[in-house]
Each structure stands twice: as structure tokens, then as C-alpha cells.
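Below is one structure; the comments refer to it alone.
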Amino acid sequence: MMRFFTALTAMLFFALPAYAGFDDTINEITAPIASAVGSFVFFKINVFGAALPLVVLWLVIGAVFFTVYLGFVNVSGFKHAIQLVRGDYADPDSPGEVSHFQALATAVSGTVGIGNIGGVAVAVTIGGAGATFWLIVAGFLGMSTKFVECTLGVKYRQENPDGSVSGGPMYYMRKGFEERGMGGFGKFMGTFYAIGIFIGALGIGNMFQSNQAYVQLNTVAGGRLDGLGWLIGLILAAVVFMVIIGGIKSIARVTEKIVPFMAIFYCVFAIIVILMNFSSIPAAIGNIFSGAFTGAGVQGGAIGALIIGFQRAVFSNEAGIGSASIAHAAVKTPEPVTEGYVSLLEPFIDTIVICTITALVIGTSQVADPNFAGDATGVAMTSAAFERQIGWFPLPLAFGALLFAFSTMISWSYYGLKGWTYLFGEGQMGQTIYKLIFCAFVALGCMVQLGPILDISDALVFLICVPNILGLYFLAPIVRREMISYKERLDRGEIKKYSH
Amino acid sequence: MTNSVLVAVDGSDGGARALQYATERAKLGGAKLIVTYVIEWSPYSFNTPEENAERHKRREEEIDRATSGVVEPAAAQLAAAGIEYETVVRHGPPAETLIKLAEKFGVQQIVIGRRGQSGIKNLLFGSVAGNLVQTSPVPVVVVP
């Protein structure tokens, strides 16, 4: 087997010059598909001169509705969320199950990805500094959407005969609607979602990640990897292959352990860079607020900035997509709503903290030197902002981006798999086919340019928001009832605090 | 307060020696033994989604293995010797969990075996015996 791989690698190297144009060919094929899918999903209406994609409006309305309907749970539940993660309410007589902390850490590893580094740069490039403001607002509102999703994910999960658990939107839609006497509709929605999460897993959780990891590696290598996307792609795909098919869990486990530290490392250095741009901070913050309401220089003005901000926020924190509820469903708790509380922290960490920090790194650099990044965008732009102050940072950043990308891919390979097994059953053969497809897309992601990749990923991910949020509207009363009952019992002291 | 001793077992030789020692003491003093198996676990570790999904199943397996492989044979041994006992299998950080259980059962003493691991490993991970001796509210006997 080893010899086979060696031979294969050698062959690829010798064939290298002949296939240098391979990436271009792939690009030519995917670009038209991307724009077709994109214009279908992002069907736009004209609002005050800005083109507003209906699907973004759909998400915003959903998030606002859940926030109001649940009495601003994103504010009122914040303290309780931290208590739960700290383990204050964990029953000391039954340890050994997945803790709230572990569920949160796993879900955050899945969402903290390239979007936090590169996606924000894209938002600022297109939507101006003001997009940052709307990004934060979207993160704040998204907390409520996550609350609903994750509560339902735990409540309606399925315990498999082998003792493992499966959950997520496909399960809560099927079972939830069945309870309301709409079994047929629930089945349809569950299936639709399962197909969507499977395809989405190949976009946002796969191609976009591997693409940006490659771009960043290439930047650090000074462009020496130009045209070699297919090679990097194959290497990345091989590593993913080893983990998800070869069952080399240690790679995944190591990644899961490093990612949280990388995230902290990234934030610390980002704050250092922001402080080094000290004199630019007031102007950068000023730009964020003024840009948010005037939208100066942005196509579509303030509305344009808002649209971009919301779009990037969802892309990063996944609120409304339903993916996190698949991860959270693994938690065994008698109170599903506790998982909802814990999940509030996800968009907070991902968007309100990490994305905002990235935005400030870029924003303060822009104030100091508007042309610092040249025409670089995405991760390359963020990297340039760091490089202005800390010359050696692009290298660890590339390493971090690679790890973020990798952990997001591992998480999403699982989300996609759950969609796949929902559709085709838990058979081993089927699972292997899925995993092979997944690896192929990892490689493909490095071969195409960011534009079409982003279009396809965006489109697919936003497409599954449609059934998911529709389902959330129908099932929100159940969540609200559970939340009120839980809060009452908490106030009466019936939910025991073990505290420290 | 009853005269009782908490003894930690883990399937290792050290655990067996601890049990042996505690059994002899119990015979002499008529103490009740709390036979404890702590499965090392932390609520603050980082897992993949797949590990989380299988956690419940794994937990049951771990408990089964500890119970049938180590705790039940120990219990049989005690029953044959006519010693009063109770068994506990629990997940958690070892030293902290042993102390919590010692408090819960109100024991007079904790008996554990020494693992005798190398210096570098001790430096990195600390030793259960070391932690326990430093923090236990009751006397600790470390059986070599």
C-alpha cells in the first residue's frame, strides 16, 4: 500500500509540468455552474437601491423573531450558559457522559474556521467597514436561532441500536412535525434537509476550507505553489482520507486539541496587532459605525453593508443552517434546553469575539495604510494586515488556517455523513462511498479560484436555511414551553446546583 | 461513624496489593471496605463529533469492563473472606474523585497502590498517590 502511494506521488511529480494548466481547466468548468447556482439561491429583490437576496432576509427575520419570541434569551440566558459550561449543574453522581463543555468545544471547533480569518476580509472588502457592525448584530441575533436549533437537536435525537446517537434538523423536523400531525410534511423536510447538509458539507465545510488553506500556504510560499493547487489538494485529501476512512483518529484528536489553543493564540496576536495600530483604533471604530448607517462607497449603501455583514456572519457561525445541532445532539441530558443555553455561546465566541477581532485588525491597518493589502482578499488580506506589524506572523497564521480548515473539514465530514446516513441508512458501504466523495471535494477545493468556490459554498449553505428555519418556526413553541418550564424550575431551586 | 476504609483498585498489580493490604487490615480491625474503581475522565477534554456521539456507549462499556474485570473479582474475594464491603465505579479525575467518595462514605482511611512510574511521566502528569497525599482529608496509605 505504502509503495503504491510512493509510486503515485512520484508519478504526479513527473507529470507536473504537463498538468500545470489543469487548475485552469477545472476553473473553466466550475465557474458557470457556480454562477447559475448562485443566482438561483440568491434571488434578489431591490430594496432602496440595494439588491437584497431573499434568503438573507429570511434568515434575518427568523433570527429577529426567535430573539423576541424567546424574550431575548441571547441576553437573559448568557450567564446561565456560562454556569452550565463550567459544570455547576452537572450531576456529580453520573459523570462520564459528554459534558456541556465538550459539546460546546466540539461545535466551536467546527465553526471556527477560515470564515473567521478570510470571510471577514471578504466582508470588509465588499461591504466596507460598516459590514463589521452588521456582522456583530447578526452574531447577536444568531445566538437565538442557535438556541432553538440545538434545543430541538437534543430533544428529537435518535438513539441507534448500537448505543450511539444521531441528531440534527432532519431528525427534529421528521419527529417534530409528526407530533403535530404533519408526518408527511416532516418527512419531506427531513429528506430535503439531509440532501442539503450533504451537499453543503462539500461546500462550506470542505471546498471553501481547503481552497483558503491552499491560498494562504501559497502566499507564505511567495507564490511558488501557483498552479500546484491540485497537488496541495491531493495531499490534504490524503490526510482527510487517513482520518475519516483510515480511522486514524489520533490525527483528528490532536487537531481537536490544538485548535482551541490556536484560536486563543490567534486572538492574542490579533489584539497585539490592534494595539500596535493604537492611533488608528478610534478612526477604525468610527468607520465601522458610520459605514454601518451610511454605507459610504459600498454598492447599495447601508443596506448593502448590512447584507454582506449578515451573509458573512451566517457563513461563519452557521446559525440557521442547523449544522451545530448535529454536534450538540450527542449530549445526554434530561433537559434539552440546557444544550440550547450552551449553544448561545457559539455565535458569541465565533462571531462577536473572533470575527470582530479580525475585522479590527483589518480596519486599523486600513486606516493606517489604505493600500496595505494591494488587491489581496480573503485570508491573504488578513495575513497582510498581520504582516504589517509582525513580519513573521503569516507563517504561523498559515499553519493556524490549515488547522482551522482541517478541523472544520473533519466536523463537516461528520455533519454530511449524518445527512447521508439519514437518507441511505447506516450501512458501512454507503458510508465509505460518502467519505470518498468528501475527499475528492477536498482536492477539488484547492484547484478552483476563490470566487466560484465562495459562490457555490454560499449558495448551498444558504439553501438549507430555508427548510431549517421554516421548521424552526413550527417547532419554536415547543422550545419556548420547555424554556419557560425549565426557568421556573430553576428559580424554584428544583434544578439542583452543585456548584464549586 | 462506622469503621470503614476506601480502597482504590484499577486492575494493576499496585491495585491488587492495595486490596490485599486493606483486606488484611479489615480482618484485624473489622472494618468495612469501599472498593473503588475510578475511570480516568475529564469533562474538559476536546473531542471530535464522532467521539461525542459514541460517548454514551463507550461509558457503559468502560463501566462494564471495570465492574466485571476488576471490581467483581475483588468483591468475590472479600465475600469469601467474610468482609463487609461496598463497590463503586466512577468516572472522573482520579485523586479528586477518590477524595469526594471518601467524604461521601465518611471513611477513616484511603488505601491505594503505588504505580511506580518514571520521573518524567510524574513530572508531566503528576502521580495520583502524590496528589492524593497532598489533598486528602483523611490519612492515606500508599502500598508499595
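The values are calculated or read from the model by the stated rules, or taken from the named source; none is laboratory data. Here the structure is a predicted model, which is why all the values come from computation and not from measurement. Positions of Cβ are generated from backbone atoms using ideal geometry, with glycine treated the same way; all protein chains shown enter the neighbour counts. Surface areas here come from the heavy atoms of the whole protein model, side chains and all, with no ligands, DNA or RNA. Shrake-Rupley method; radii C 1.70, N 1.55, O 1.52, S 1.80 Å.
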Identify all residues within the range B:40-61 that are touching a residue at least 24 places away in the same chain (Cβ under 8 Å) and facing chain A (nearest Cβ under 7 Å); write none if there are none. B:W41, B:R59
With (1) buried (at least 24 other Cβ atoms within 10 Å of the Cβ); (2) touching a His at 6+ places or on another chain (Cβ under 6 Å) as the list, and B:I39 as the residue in question, which single condition is left unmet? (1)
Single match in A:A359, A:A376, A:A385 (criterion: modelled with pLDDT under 90 and aliphatic (A, V, I, L, M)): A:A376
Lone unmet requirement of (1) at pLDDT below 90; (2) open to solvent by 10 Å² or more (accessible area, probe 1.4 Å) for A:H100: (1)
Looking only at the range A:93-102, count every residue that is more than 7 Å from chain B (Cβ to nearest Cβ) and either in contact (Cβ under 8 Å) with a residue 40 or more places away in the chain or closer than 10 Å to B:H91 by Cβ (or both) and tell me the total. 2
Output the residue which, of all residues in the range B:10-39 that are within 14 Å of another protein chain (Cβ to nearest Cβ) and among the aliphatic types (A, V, I, L, M), is nearest to A:H100 (Cα to Cα). B:I39
If I filter the range A:103-123 for residues that are of a type in the set (S, T, Y) and farther than 30 Å from A:E494 by Cβ, do I get at least one hit? yes
Quick check on the range B:69-92: of everything there that is open to solvent by 70 Å² or more (accessible area, probe 1.4 Å) and in a helix (DSSP H, G or I), which residue is farthest from B:V128 (Cα to Cα)? B:A80
So, A:V215, is that one assigned to a helix (DSSP H, G or I), open to solvent by 10 Å² or more (accessible area, probe 1.4 Å) and in contact (Cβ under 8 Å) with a residue 40 or more places away in the chain or not? yes
Output yes when any residue across the range A:117-130 is assigned to a helix (DSSP H, G or I), within 14 Å of another protein chain (Cβ to nearest Cβ) and open to solvent by less than 20 Å² (accessible area, probe 1.4 Å), and no when none is. no
Residue in the range A:154-204 that is nearest to the chain's Cα centre (by Cα), counting only those that are within 14 Å of chain B (Cβ to nearest Cβ) and surrounded by fewer than 21 Cβ atoms within 10 Å (Cβ to Cβ): A:S166
Filter the range A:292-308 for residues that are within 12 Å of A:F48 (Cβ to Cβ) and among the β-branched types (V, I, T); the one that is surrounded by the most Cβ atoms within 10 Å (Cβ to Cβ) is A:I307
So which helices (runs of 4 or more DSSP H) stay within the range A:238-347 end to end and still have 3 or more residues that are within 14 Å of another protein chain (Cβ to nearest Cβ) and more than 20 Å from the chain's Cα centre (by Cα)? A:249-276
All positions within the range B:82-113 that are more than 13 Å from every other protein chain (Cβ to nearest Cβ), closer than 16 Å to B:V71 by Cα and under 13 Å from the mean Cα position of the chain (by Cα): B:E86, B:T87, B:L98, B:V111, B:I112, B:G113
